[in-house]
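The values are calculated or read from the model by the stated rules, or taken from the named source; none is laboratory data. Keep in mind it's a predicted model, so treat the numbers as computed, not measured. Every residue, glycine as well, gets a Cβ built from its backbone with ideal geometry; the counts of neighbours run over all protein chains shown.
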Amino acid sequence: MKKYFLVFGLVAIGLFLIYRKKIGSTMTTIASNLPRGLRNKNPGNIRLTKTMWQGEVKGTDKSFKTFINMAYGYRAIFVLLRSYIDKGFDTIEKIINRYAPPSENVTSRYVKNVSERTGIDKNKKISFADSDSIKKIVAAISKSENGVNADLTEVEKGYNLITI
């Protein structure tokens, strides 16, 4: 009888380990299919630099930053845009030419997409105090970088972190 329980227990443990491995590999596959910016919780695909951002964590990506959660990834985009606007990059066209330079992107298409997604003319002056416009621009940047619509709840959370 003891032998039966021992065999049954070993079989049950074996099945559990196989099931856990299968679920784990499925979760890894799902995560690896996400766009790079979403895997890194860096929806703006901000490149690695010496600047350490709030919410930044050490990641495995050799080119792009990794954040603890999406809200901090969005916060970083907001902070970047605020610095751009403060330096005179205060239209969608100027912001995107700085953010996604022609040496790395088809910037004219990027500008067009952000302008269309936000409903803001590419040459309209943007103030960081216009929170609705800034949030739309950040969401449009995320869509351009990742190919999927931004989670507006996370965008809002990121905006709320900029005062920290």
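Answer yes or no as to whether Gly37 is in contact with a Pro (Cβ under 6 Å, 6 or more places away or on another chain) and modelled with pLDDT of 95 or more. It is true that Gly37 is in contact with a Pro (Cβ under 6 Å, 6 or more places away or on another chain) and modelled with pLDDT of 95 or more.
For residues that are among the aliphatic types (A, V, I, L, M) and either in contact with a Cys (Cβ under 9 Å, 6 or more places away or on another chain) or not in a loop (DSSP other than H, G, I, E, B) (or both), scanning just region 58-73, find the one that is farthest from Lys157 (Cα to Cα).
So the first thing to find is which residues in region 58-73 are among the aliphatic types (A, V, I, L, M), and the list is 68, 70-71.
The next check asks that each one be either in contact with a Cys (Cβ under 9 Å, 6 or more places away or on another chain) or not in a loop (DSSP other than H, G, I, E, B) (or both); those that pass are 70-71.
Working: Met70: 9, Ala71: 5 Å.
Residue satisfying both the conditions and the ranking: Met70.
So, in region 82-100, of the ones that are among the aliphatic types (A, V, I, L, M) and surrounded by fewer than 23 Cβ atoms within 10 Å (Cβ to Cβ), which residue ends up farthest from Ser127 (Cα to Cα)?
So the residue we want is Ala100.
Which numbered condition in (1) over 16 Å from the mean Cα position of the chain (by Cα); (2) closer than 18 Å to Ser83 by Cα; (3) of a type in the set (Lys, Arg) is the only one that Lys112 fails? It is condition (2) that Lys112 fails.
Among the residues of this structure, Tyr72 counts as one that is within 10 Å of the chain's Cα centre (by Cα) and at pLDDT 95 or above. Cβ separations smaller than 7 Å between residues 6+ apart or across chains give the following pairs from region 86-97 residues that are part of a loop (DSSP other than H, G, I, E, B) to residues that are of a type outside the set (D, E, K, R): Phe89/Ile95; Asp90/Ile126; Thr91/Asn123; Thr91/Ile126.
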